[in-house]
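The structure appears right after this line, and notes come after that.
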Amino acid sequence: MTLPLSPFAIISPFPAPAFTTSNTNLSHSCHPFYHRFKPINASSQISLHSPLCSQSPSTSSSSSLPTKTGVIVIGAGLAGLAAATRLQADNIPFLLLEASDAVGGRVRSDLVDGFILDRGFQIFITAYPEAQKLLDYSPLNLQKFYAGAQVYYDGRFHIVADPIRHFSDALSSLANPIGTIADKLLIALTRIRVLTQPDDEILSAPEVSTIDFLRKIGFSDSILDRFFRPFFGGIFFDTELKTTSRLFDFIFKCLALGENTIPACGISAIPDQLAAKLPSNSVFFNSRASSISVIQADSDDFTVRLENGEEVKSELGVIVAVEEFEAVKILAGNLDTPVQVKIPIRSTVCLYFSADQDKVPVKDPVLFLNGSGKGVVNNMFFATNVAPSYGPPGKGLVSVSLIGSFDNVGEEELVEGVVKELSGWFGEGLVGSWKYLRMYRVGYAQPNQCPPTDLKKNPRVKSGLYICGDYVTSATFDGALVSGRRAAEALIRERTLSKV
């Protein structure tokens, strides 16, 4: 997940990619979404590790799974799809095995009561370098956020705006309590610095925690607590900002160069686009891998065993493209040294509400941040203000994000707490009229990327066996895409050298 905002921007020497800016109602153009996703019952929470997420498979299932192929890719999230795309480019035969009923991994959407609900608050930054190479932005119909945010502090909202796009808003915000004028100058200087650094240099630079990094730059406590913690805390799912400064700089650079968007037909449109380019008989759903074994000693051929007992043999190699803790289970017996998943993993809870249009307090496609340091809400926005296609005509969609798992808080209690808190923001009359739709508890939203980190890990486990995922690179959409490509390229290189 990545949040929007290009704060206190200065003129960039780099061109931004083209994208669609129209915010017209696109419900008719999203009809493919209505066919791809079957409605699920509303007014209930859902855990992304729960059987409630399962729906009927839309294409291949494990019942027709071949017994042999060239490369087996385990996991059809962004990393697995990127790996498969790279293999296809070299005409290498492969099978993509996905445990769930559709592609996307954590990047999924559902249809509830006519609303498009992304599984957790997810924003796509157009400046992601790998995404620019791999995706066709035009069909995604990317819908822009306002280049700024409204920060709730001391009982009212204070605007933070990009002066290039919203000069008058930015000018009026100079004296507000969300940081000092000196802080806003430091943001501009930080922007200049990251724009002059190559991505590889950023991702391998000396690192400290983000909070220590920002303090070293000289930011005041007022902007740290009221802006950076809710904003970058929402990006990292880490309001303590212990995440590596490398990731801060990379995200900051992408925010400076790009627009912050959501696809008109839901975040699932991104993995769907990648999957649509793959051979129709190459992706198998409801096919959960349980183990990988070498066929015989001194061989690079592997057998992947599924939970249902079926087996598939690979002649060229296996790419494991699942979340880190699942990868450790699947790779058991293939690792020279035990792997400890860094904890705590990053979790989030996302709640959705519907509202009549006259009960939506603003019309701008803006992000709201909680800068008060109180309550459970970290950030929220009105999704239909950004993309009207996220809801039926005459209705608004409210997205609210919390940081953490809140495992010990029940659904009803959490909903009541959020409604009460937002009533203090927008008024009880408005918020009290909203209808609760669904809660997503995302137990594994991101890997923990506190220092020390290696954001350019070698994908090779051993000959013929490779890993990819955002835990291998950076915990971003782009990191997942990069890791998938690199894993496939490592396999291709090794196979080529072995033939020589």
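The values are calculated or read from the model by the stated rules, or taken from the named source; none is laboratory data. On a predicted model such as this, the values are computed, not experimentally measured, just so you know. Don't worry about glycine lacking a Cβ; one is built from the backbone with ideal geometry, like all the others, and counts go over all protein chains shown. The area values use the complete protein model at the heavy-atom level, side chains included, leaving out ligands, DNA and RNA. Shrake-Rupley method; radii C 1.70, N 1.55, O 1.52, S 1.80 Å.
Conditions (1) modelled with pLDDT of 95 or more; (2) over 14 Å from E489 (Cα atoms); (3) in contact with a Phe, Trp or Tyr (Cβ under 8 Å, 6 or more places away or on another chain); (4) open to solvent by 40 Å² or more (accessible area, probe 1.4 Å), marked per residue:
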{"site": "G70", "(1), (2), (3), (4)": "yes, yes, yes, no"}
{"site": "V73", "(1), (2), (3), (4)": "yes, no, yes, no"}
{"site": "L81", "(1), (2), (3), (4)": "yes, no, no, no"}
{"site": "L87", "(1), (2), (3), (4)": "yes, no, yes, no"}
{"site": "D90", "(1), (2), (3), (4)": "yes, no, no, yes"}
{"site": "R108", "(1), (2), (3), (4)": "yes, yes, no, no"}
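Please list, ordered by residue number, the helices (runs of 4 or more DSSP H) wholly in region 187-304 having 3 or more residues that are more than 26 Å from N379 (Cα to Cα).
Here the list reads 199-203, 269-276.
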message: Condition (residue is charged (D, E, K, R), open to solvent by 30 Å² or more (accessible area, probe 1.4 Å) and either more than 25 Å from L278 (Cα to Cα) or within 26 Å of the chain's Cα centre (by Cα) (or both)) applied to region 172-186: is it met by at least one residue?
response: no
task: Determine the pairs where a residue that is more than 20 Å from D221 (Cα to Cα), located within region 174-197, has a partner that is in a helix (DSSP H, G or I) with Cβ atoms under 7 Å apart, the partner being 6 or more residues away or on another chain.
output: V194/I202; V194/D249; V194/F252; V194/K253; V194/A256; L195/K253; L195/A256
- prompt: Which condition number in (1) open to solvent by less than 10 Å² (accessible area, probe 1.4 Å); (2) under 29 Å from A332 (Cβ atoms) is the one that D478 fails?
  reply: (2)
- prompt: Only one of Q150, Q132, Q122, Q143 is open to solvent by 10 Å² or more (accessible area, probe 1.4 Å), more than 15 Å from the chain's Cα centre (by Cα), within 23 Å of D478 (Cα to Cα) and not basic (K, R); which?
  reply: Q132
- request: Give just the number: which of (1) over 21 Å from the mean Cα position of the chain (by Cα); (2) open to solvent by less than 20 Å² (accessible area, probe 1.4 Å); (3) touching a residue at least 40 places away in the same chain (Cβ under 8 Å) does A490 not satisfy?
  value: (3)
- prompt: Does L224 satisfy the condition of being free of Cβ contacts under 8 Å to residues at least 24 places away in the same chain and not aromatic (F, W, Y)?
  reply: yes
Members of region 294-324 found to be among the hydroxyl-bearing types (S, T, Y) and at pLDDT 95 or above, listed by number: T303, S314
task: For region 435-475, enumerate the residues that are over 18 Å from the mean Cα position of the chain (by Cα), within 21 Å of C350 (Cβ to Cβ) and open to solvent by 30 Å² or more (accessible area, probe 1.4 Å).
output: K435, Y436
message: Given (1) open to solvent by 40 Å² or more (accessible area, probe 1.4 Å); (2) within 16 Å of L186 (Cβ to Cβ), identify the lone condition not met by F252.
response: (1)
- prompt: Scanning for something touching a Lys or Arg at 6+ places or on another chain (Cβ under 6 Å), of a type in the set (S, T, Y) and touching a residue at least 60 places away in the same chain (Cβ under 8 Å), does region 148-161 turn up at least one residue?
  reply: yes
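Quick check: is even one residue across region 211-224 open to solvent by 20 Å² or more (accessible area, probe 1.4 Å), in contact with a strand residue (DSSP E or B) (Cβ under 7 Å, 6 or more places away or on another chain) and either closer than 30 Å to E310 by Cα or not basic (K, R) (or both)?
No, every residue in region 211-224 fails to be open to solvent by 20 Å² or more (accessible area, probe 1.4 Å), in contact with a strand residue (DSSP E or B) (Cβ under 7 Å, 6 or more places away or on another chain) and either closer than 30 Å to E310 by Cα or not basic (K, R) (or both).
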task: Considering every residue within region 347-359, establish whether at least one is in a loop (DSSP other than H, G, I, E, B) and either hydrophobic (A, V, I, L, M, F, W, C) or in contact (Cβ under 8 Å) with a residue 24 or more places away in the chain (or both).
output: no
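The rows are residues; the columns are (1) in contact with a Gly (Cβ under 8 Å, 6 or more places away or on another chain); (2) among the aromatic types (F, W, Y); (3) modelled with pLDDT of 95 or more.
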{"site": "H166", "(1), (2), (3)": "yes, no, no"}
{"site": "D169", "(1), (2), (3)": "yes, no, no"}
{"site": "D183", "(1), (2), (3)": "no, no, no"}
{"site": "L189", "(1), (2), (3)": "no, no, no"}
{"site": "P198", "(1), (2), (3)": "no, no, yes"}
{"site": "P206", "(1), (2), (3)": "no, no, yes"}
{"site": "F213", "(1), (2), (3)": "no, yes, yes"}
{"site": "I217", "(1), (2), (3)": "no, no, yes"}
{"site": "S222", "(1), (2), (3)": "yes, no, yes"}
